[in-house]
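Here is the structure we will look at, set down as structure tokens.
The values are calculated or read from the model by the stated rules, or taken from the named source; none is laboratory data. Owing to the predicted nature of the structure, the values given are computational and were not obtained by experimental measurement. With ideal geometry, Cβ positions are generated from the backbone for all residues, glycine too; neighbour counts draw on all protein chains shown. To get the accessible areas, we keep the full protein, side chains included, count just its heavy atoms, and leave off ligands, DNA and RNA. Shrake-Rupley method; radii C 1.70, N 1.55, O 1.52, S 1.80 Å.
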Amino acid sequence: MEEAAIGDAELNWSRLNVSAEALESELEARAEERRGSREALLRLLLPYTRLTSLPRALSGGFPHLQLLDVSGNALTALGPELLTLSGLRTLLARNNRLGGPGSLPKGLARSPLCRSLQVLNLSGNCFQEVPPSLLELRALQTLSLGGNQLQSIPAEIENLQSLECLYLGGNFIKEIPPELANLPSLNYLVLCDNKIQSVPPQLSQLHSLRSLSLHNNLLTYLPREILNLIHLEELSLRGNPLVVRFVRDLTYDPPTLLELAARTIKIRSVSYTPYDLPGNLLRYLGSASNCPNPKCGGVYFDCCVRQIKFVDFCGKYRLPLMHYLCSPECSSPCSSASHSSTSQSESDSEDEASVAAHRMQKVLLG
């Protein structure tokens with residue numbers, strides 16, 4: 001039986017000023033030295049060595065390699081040599097020229113890397129979309145694609161169920177897909193320096209989230225559900241056009257007859273059996289939402305009024321959260337004419353945020 005490899009050997013050739021041919025030759029010699037040896041090379045550092053392609057010596061020469069750093073080179077593709085590194089856990093390839101067709105090797109999703117790779121850093125490249133093959137790397141815990149040219153986040157991001165840290169800052173992303181909320185282990189989410197205009201309320205399902213970076217986007221409000229992020233310790237919002245006064249959207253389309261009927265049944269607690277009402281009305285009744293104004297007691301379905309409500313965080317910052325009213329006539333606690341520190345508006349906001357405020361360590365607005 002083959003003996004297990006031992007040792008924690010590292011080969012650091014950072015900024016080595018040699019030709020590609022000399023580097024290739026030296027790597028082949030090192031690979032030959034280690035054949036039959038119990039000491040395995042675990043970390044290979046080749047940043048800023050003017051590489052234009054992965055060294056061919058990687059193919060079969062370093063089967064126990066766990067970390068490969070090829071950052072700061074001129075790579076336009078990660079070749080098939082990568083697929084032979086069956087034990088690779090960390091791949092650092094930031095600040096290269098990756099992003100065009102064939103940037104990643106064919107068969108990546110079916111290779112052993114699908115089970116071994118835990119950290120992948122491709123920041124500072126030229127990707128315009130998240131390569132589909134990356135979304136099959138089910139063991140990934142950290143994925144960094146910051147400083148690329150990404151236009152969107154694919155819904156298939158939910159495939160990465162082991163993901164703990166997702167860095168997508170410095171791109172051109174406009175929307176956050178609700179599927180992002182299906183990552184149960186996500187601790188750190190960085191979406192700063194993009195063009196995001198709103199945050200989906202589904203993100204409140206990220207119960208493991210500790211840090212959320214949304215600075216330098218186009219946000220004007222946050223969903224009120226963000227208060228449900230029970231482990232959130234840091235929220236970065238600076239550089240957003242957050243509203244500085246209470247804003248009310250008075251655009252309001254009257255409810256349909258179907259909604260008026262459903263509201264009447266809900267508000268007046270009309271008793272009925274499945275045989276008393278049309279099927280479409282029965283199904284519709286199950287989609288009711290309660291008006292958040294405690295003085296109202298009404299409900300709404302498809303027709304509602306959006307309103308910004310400011311919530312006090314940490315006794316210092318007031319965050320604009322979106323909530324919905326059942327009608328323009330609904331007297332919201334946060335729409336009163338007076339906005340003094342003793343107003344009912346602020347008291348209600350502070351009560352609502354009391355659970356969140358004590359646990360939030362950093363709220364960065366400025």
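Structure notes:
- For the stretch 166-173, the Karplus equation 6.51 cos²θ - 1.76 cosθ + 1.60, evaluated at θ = phi - 60°, returns couplings of 10, 10, 10, x, x, 10, 10, 6 Hz by residue, with Gly and Pro reported as x.
- Dipole axis of the stretch 117-248 (+1 Lys, Arg; -1 Asp, Glu on Cβ), positive-most option in L203, P241, L189: P241
- Rounded to the nearest whole Hz, the Karplus-based 3J(HN,Hα) values (6.51 cos²θ - 1.76 cosθ + 1.60, θ = phi - 60°) of the stretch 278-285 follow the sequence x, x, 5, 6, 4, 5, 5, 4, with x at glycine and proline.
- With DNA, RNA and ligands ignored, accessible area of L189 (1.4 Å probe; Å², nearest 10): 0
- Of the GluC sites (Glu not before Pro) in the stretch 193-297, the ones in a loop by DSSP (not H, G, I, E or B) with at most 16 other beta carbons within 10 Å are E233.
- With DNA, RNA and ligands ignored, accessible area of K174 (1.4 Å probe; Å², nearest 10): 120
- For the stretch 113-226, averaging the sequence separation of C-alpha pairs within contact (under 8 Å, six or more residues apart) and dividing by the residue count gives a relative contact order of 20 percent.
- Accessible-area ranking of H215, H64, largest first, probe 1.4 Å: H64, H215
- Debye log10 I(q)/I(0) at q = 0.12 Å⁻¹ for the stretch 136-294, Cα point scatterers: -0.69
- Among the trypsin sites (Lys or Arg not before Pro) found in the stretch 78-125, those both in a DSSP coil and sparsely packed, with 12 or fewer other Cβ atoms within 10 Å of their Cβ, are K106.
- For the stretch 38-88: relative contact order, % (alpha-carbon pairs under 8 angstrom, 6 or more apart): 46
- For the stretch 128-167: relative contact order, % (alpha-carbon pairs under 8 angstrom, 6 or more apart): 56
- With all protein chains modelled, accessible area of D302 [1.4 Å, Å²]: 120
- Length gained when the stretch N17-T52 is fully extended (0.36 nm per residue, less Cα-Cα span): 11.2 nm
- Kirkwood Rh, Cα atoms: Rg over Rh of the stretch 7-128: 0.94
- Scanning residues 5 or more positions from I196 or on other chains, those with amide H under 5 Å from its amide H are L218, with H placed 1.01 Å from N in the peptide plane.
- Integer Hz, Karplus 6.51/-1.76/1.60 couplings in order for the stretch 200-215, x for Gly and Pro: x, x, 4, 4, 5, 7, 7, 5, 8, 5, 10, 9, 10, 10, 10, 5
- Diffusion of the stretch 90-207 by Stokes-Einstein, at 10 °C in a medium of 1.306 mPa s and with Rh set to the Kirkwood radius over alpha-carbon pairs, works out to 111 µm²/s.
- Here the stretch 173-228 has an Rg and Dmax of 10.5, 28 Å, counting Cα atoms alone.
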